[in-house]
Amino acid sequence: MRFALLLEAPHPRPWTPTADGRRIRALVDAAVRAEALGFHRAWVPEHHLQEERHHGGPPEALLGAIATRTRRLGLGLGPVLAHPAVQHPVRLAAAIAALDALSGGRSAVAFADPRAAIELGAFGIARAGVQEEADRLIERVARLLAEAPFLGEHDPDGLPVRQLVPRPQGRPHPALWRACDRPADVRVAAEGGLGAFVRTLLEPDEAAEWAGEHRAVQRGPRCRPLGAAVETGVAVTLPVHVAEDPETALREGLDAVHLHLHLRDHHERFGAHRPGRTRALEEFGRLRATTGHDPAPVLAAPDGPLSARVGGSVRGAIGDPDQVVELLARYRDAGVDEIVLVPPLGLVDADAFERSMVLLGREVLPRLADDEDDDLVEGEDPAIEAALRRRRPAPAPRETVVLPREDGPLDDVPAPAIGMGSVSGAVAAGPEGAGDG
C-alpha cells in the first residue's frame, strides 16, 4: 500500500496580511518533508472561494513549487473541478503537461464534479449535468495529453486539430483519478477507467466494499475508458495525527482534525455562509456536538483499536504509532491501494505537526509501505484490453492548416517591415514612412 498526504491550507479568522503566505509556504515545506520521510505522493486540491477552508489558490502553482524542491515525491494535482465553466480543457491539459514535464513524469491528476454551492453559483454551474460535463472534460484532457497532435472531435463545434505543448513525460498520459463521495461515484469512476479517489470517511470494511465494486465494474463490460490507459487504483482519505501515546495524540490533534472537517462540511453540507462575514471557528464551537464532531465519545476511549468513527463522532488515525499501524493495515487488507492521510496542517501546533510527521515516517510507513507506482494499465490484462477497445474512437487523421488570420487569405496580410531599427521608431514611422528620406 502506498501513502500520500492531502495538503490543504485552512485559515480560520482572524486574518493578518501575511498569514496566507506563511500557510502556503508551510504547505510546500510539508510536502518537501514528506518526501524525506518516505511518503509516495502529495495531493493538493482545488477549492475556490471557500474562505477559511483552503487559502492555497491554484494547486498547479503550489505543485510547481513542490516539484522544484523534490526529486521522488509524486505530485497529485487535485481533485480539480472538472467543468468547462471553471477551466477550459486545453488550459487544464497544458497545466498537467507542464507539471509532468517539470517534475520528470511524477504527476497524477484527480477530477471532481463541482458540488459546493459557493462554487456552483460563482461559476454559473447548474447542478444538473455536472457528471456529463465532467466526463466530456476528462476525455478531452486525456486525448490532448495522449495524441500528437490532438485529432479534433466529431462535433463540428468541438475542439479543432491542434498540438498541445508542452508534452507530458508520462505516456500515454499521467494517471487519471476521479473523486468519489458516494458508492455511485465509484461506479462512475470505474466505468470511465479512472482510479477512485475516495473522499468520504470509510471504515475498513466499507472500503473493502467500495474497492470490490470498483474492480468488478472496471473489469466488466460497462467499463469504457475516458483515457488512453486505465488506472485501477483505489485511494481512501483519512484524518491523521500521531503522538507517542494516545492521550497526547488526542490532546494535540482531535480539536484540529474536527475543525478541519467542520470547515469542509460548512461549505459542502450545512453552512449558512455569508461571504466575508462568517466566522467558522465560532460556528464550530457552537455546532460541533451536533454535526458529528463531538469530542466526548472519542475521549472516553483513547486506548484500543482505532476506527474512522466513534459514537457518532470522527476519530480516524489519531493515536500512537501502534494504533495507527493496526488501523492502516486493515485498510491494506481491505484492498485499498493508496491511503491518503489528511493532517490538520495550520490548525495544530507546528511542533506537534512535525513530531506527528516524524513518527509517521519512522514508525508507521516502514511497517506498511511499498514502492509501487500507480496501477496504470495500458494493456496485457485481457479485461483491461477489452475495455480499451471499447473506448470512443478518435476522428481519422486529417491535414489541417491554420492561417495566421482565419478570416482572410494569406495575401491579404501585409509583410512585416524589416530593418526599421527600434520598435518605437517603427511605430512612429509607420509603413508609409519606412522608405522616406
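A short reminder: the numbers here are calculations on the coordinates, not readings from a lab. As the structure is a computational prediction, the values presented were derived from the model and not from experiment. Cβ sites come from the backbone with ideal geometry, for glycine too, and all protein chains shown count toward neighbours.
A few comments on the model shown:
- Amide H to amide H distances under 5 Å link Ala175 with Val109, where only residues 5 or more positions off or on other chains count and H is placed in the peptide plane.
- Farthest toward positive dipole pole in the chain [+1 Lys/Arg, -1 Asp/Glu at C-beta], among Leu202, Leu263, Leu5: Leu263
- Semi-axis lengths (Å, descending) of the ellipsoid that matches the C-alpha gyration tensor of segment 1-133: 25, 20, 12
- Here the spin labels are modelled as points 7 Å beyond Cα on the Cα-Cβ line, and at Arg25 and Glu326 they lie 4.2 nm apart.
- Annotation: amide H of Phe197 within the under-5 Å range of Arg178, Ala179, Cys180, Ala235, sequence separation 5 or more or interchain, hydrogens built in the peptide plane.
- Centre-to-centre separation between the Cα atoms of segment 1-58 and those of segment 190-218: 25 Å.
- Taking 17 Å as the cut-off, the amide N atoms of segment 218-256 that come nearer than this to a point 7 Å along the Cα-to-beta-carbon line of Glu206 belong to 235-240.
- Extension gain, Asp333-Arg277: 0.36 nm per intervening residue step, less the Cα-Cα distance, totals 15.6 nm.
- Neighbour-limited loop hits for trypsin sites (Lys or Arg not before Pro), segment 230-278 (at most 15 other Cβ within 10 Å; DSSP other than H, G, I, E, B): Arg277
- Summary of packing: across the peptides 363-370, 187-194, the per-residue average of other C-beta atoms within 10 Å ranks them, highest first, as 187-194, 363-370.
- Extent along principal axes [Cα atoms of segment 2-389; Å; largest to smallest]: 61, 45, 38
- Listed residue (Val28, Gly292, Leu254) projecting farthest to the positive dipole end of segment 2-389, Cβ model: Val28
- The magnitude of the dipole of the chain, with charges of +1 and -1 set on the Cβ of Lys/Arg and Asp/Glu and taken from the Cα centre, is near 380 debye.
- Packing rank of 317-328, 23-34, where each peptide gets the mean count of other beta carbons within 10 Å, highest leading: 317-328, 23-34
- Förster radius 30 Å - calculated FRET efficiency between Arg69 and Arg13 (Cβ-Cβ, nearest 0.05): 0.50
- Trypsin sites (Lys or Arg not before Pro) lying in DSSP loop within segment 127-174, provided at most 16 other Cβ fall within 10 Å: Arg127
- Highest mean first, the peptides 67-77, 39-49 sorted by other C-beta atoms within 10 Å per residue fall in the order 39-49, 67-77.
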